[in-house]
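Peer 1: Supplied in structure tokens, the structure appears directly below.
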Amino acid sequence: NAGVTQTPKFQVLKTGQSMTLQCAQDMNHEYMSWYRQDPGMGLRLIHYSVGAGITDQGEVPNGYNVSRSTTEDFPLRLLSAAPSQTSVYFCASRVGLSTYEQYFGPGTRLTVT
Amino acid sequence: SQKIEQNSEALNIQEGKTATLTCNYTNYSPAYLQWYRQDPGRGPVFLLLIRENEKEKRKERLKVTFDTTLKQSLFHITASQPADSATYLCALDLSGGYQKVTFGTGTKLQVIP
């Protein structure tokens with residue numbers, strides 16, 4: 001198993017550009033989530049999904065969209081990038097709501113200039 | 001507002017000693033609390049979970065306690081080794097549910113040979 005994979009590893013965007021951060025898992029996990037990690041702020045939940053076709057907002061959803069058309073994939077879309085979205089983004093998955101251990105991807109470091 | 005507090009100052013200890021890290025939370029009583037390890041440039045890795053009805057949990061050299069009256073969890077690493085040097089994060093669902101897991105900012109542990 002590859003576990004949780006994220007692409008790209010690094011990305012530089014200009015303000016106003018859009019892009020999609022990819023996340024995939026091959027463990028057949030129902031629950032997937034996106035976090036951003038900033039110095040001194042900890043990991044903050046952006047969006048999460050409890051299964052294909054079901055998504056919901058986390059703590060900091062503004063400026064981000066998600067969809068979950070398959071169990072395996074959970075892309076995060078930045079509609080119009082802003083410098084405040086400069087961060088490290090982590091995708092995570094877990095079996096389902098009844099299990100709590102989350103498996104994290106390696107992260108995507110995004111810089112918005 | 002609801003929040004998780006971990007000591008932001010780095011903890012330096014001598015090899016072989018016991019490291020003790022603290023996680024405090026406010027407001028709601030979580031159903032469970034987790035501890036993760038994060039190495040530089042990598043995603044967090046799950047270590048231990050303790051439920052609200054458990055006072056203590058052990059795994060090899062790791063021990064976690066959970067005091068729901070004090071709203072505090074302590075994470076102990078006994079016989080610490082330089083390889084234990086990392087940032088340790090606590091995580092819980094501040095709403096008391098199972099869907100929105102929030103992480104503390106983490107405490108950086110440095111074990112000195």
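The values are calculated or read from the model by the stated rules, or taken from the named source; none is laboratory data. Everything quoted here is computed from the prediction, not taken from an experiment. In this analysis, Cβ positions are derived from the backbone assuming ideal geometry, glycine residues included, and neighbour counts consider all displayed protein chains. Note: areas computed on protein heavy atoms with side chains; ligands, DNA, RNA excluded. Shrake-Rupley method; radii C 1.70, N 1.55, O 1.52, S 1.80 Å.
Peer 1: Find out how many positive minus negative residues lie around A:VAL112, taking Lys and Arg as positive, Asp and Glu as negative, among other residues whose Cβ is under 15 Å from that of A:VAL112.
Peer 2: The answer is +3.
Peer 1: Express in whole angstrom the spacing between the alpha-carbon centres of region A:10-82 and region B:1-61.
Peer 2: Here the two parts' Cα centres lie 25 Å apart.
Peer 1: Summing +1 for each Lys or Arg and -1 for each Asp or Glu, what net charge is found among the other residues whose Cβ lies under 13 Å from the Cβ of B:LEU94?
Peer 2: Once all neighbours under 13 Å are counted, the net charge is +1.
Peer 1: What's the buried accessible area, both sides, between A and B using a 1.4 Å probe, rounded to 100 Å²?
Peer 2: Chains A and B together bury approximately 1600 Å².
Peer 1: With all protein chains present and a 1.4 Å probe, how do A:THR108, A:THR15 order by accessible area, largest first?
Peer 2: A:THR15, A:THR108
Peer 1: If you count the DSSP beta bridges with both ends in chain B, what percent of them are antiparallel, to the nearest 5?
Peer 2: 90 percent
Peer 1: Something else about it: For peptide A:5-17, how many partner chain Cβ atoms fall within 10 Å of a residue's Cβ, on average?
Peer 2: What the average comes to for A:5-17 is 0.
Peer 1: Using the Kirkwood radius built from alpha carbon pairs, what does the Stokes-Einstein equation give as D for the protein assembly as shown at 10 °C and 1.306 mPa s, in µm² per second?
Peer 2: Answer from the Stokes-Einstein relation: 88 µm²/s.
Peer 1: Roughly how many nanometres apart are two label points built 7 Å out from the Cα toward the Cβ at B:ASN24 and A:ILE54?
Peer 2: The modelled label-to-label distance comes out at 3.7 nm.
Peer 1: Sticking with this structure for a sec: Return the residues of region A:90-108 for which accessible area with all protein chains present is lower than in the chain on its own by 30 Å² or more; set the probe to 1.4 Å and exclude ligands, DNA and RNA.
Peer 2: A:PHE90, A:ARG94, A:LEU97, A:TYR100, A:GLU101, A:GLN102, A:PHE104
Peer 1: Quick check: net charge around A:LYS9, other residues with Cβ under 15 Å of its Cβ, Lys/Arg +1 and Asp/Glu -1?
Peer 2: Summing Lys/Arg as +1 and Asp/Glu as -1 gives +2.
Peer 1: Scan region B:4-105 for trypsin sites (Lys or Arg not before Pro) in coil per DSSP, keeping those whose Cβ has at most 12 other Cβ atoms within 10 Å, and list them by number.
Peer 2: Those that pass, being in a loop and sparsely packed, are B:LYS55.
Peer 1: While we're on this one: I'd like to know how region B:9-112 sits against the 2.2 N^0.38 Å rule of thumb: what's its Cα Rg over that expected value?
Peer 2: So region B:9-112 has a normalised radius of gyration of 1.04.
Peer 1: I need the peptides A:33-41, A:48-56 ranked by packing, meaning the mean over residues of other C-beta atoms within 10 angstrom, with the highest value on top.
Peer 2: A:33-41, A:48-56
Peer 1: May I pose another question? Which whole number gives the average, over all residues in A:40-49, of C-beta atoms from other chains lying within 10 Å of the residue C-beta?
Peer 2: 4
Peer 1: Then there is this: Could you do me a favour and compute the accessible area per residue for chain B, 1.4 Å probe, result in Å²?
Peer 2: On a per-residue basis, 51 Å².
Peer 1: Continuing with this model, one more query. With an 8 Å cut-off on Cα pairs and a minimum separation of 6 or more residues, tell me the relative contact order of chain A in percent.
Peer 2: For chain A, the relative contact order is 36 percent.
Peer 1: I've got another one for you. Of the heavy-atom accessible surface of the protein assembly as shown (probe 1.4 angstrom), what whole percent is carbon and sulfur?
Peer 2: The value for the protein assembly as shown is 48 percent carbon and sulfur by accessible area.
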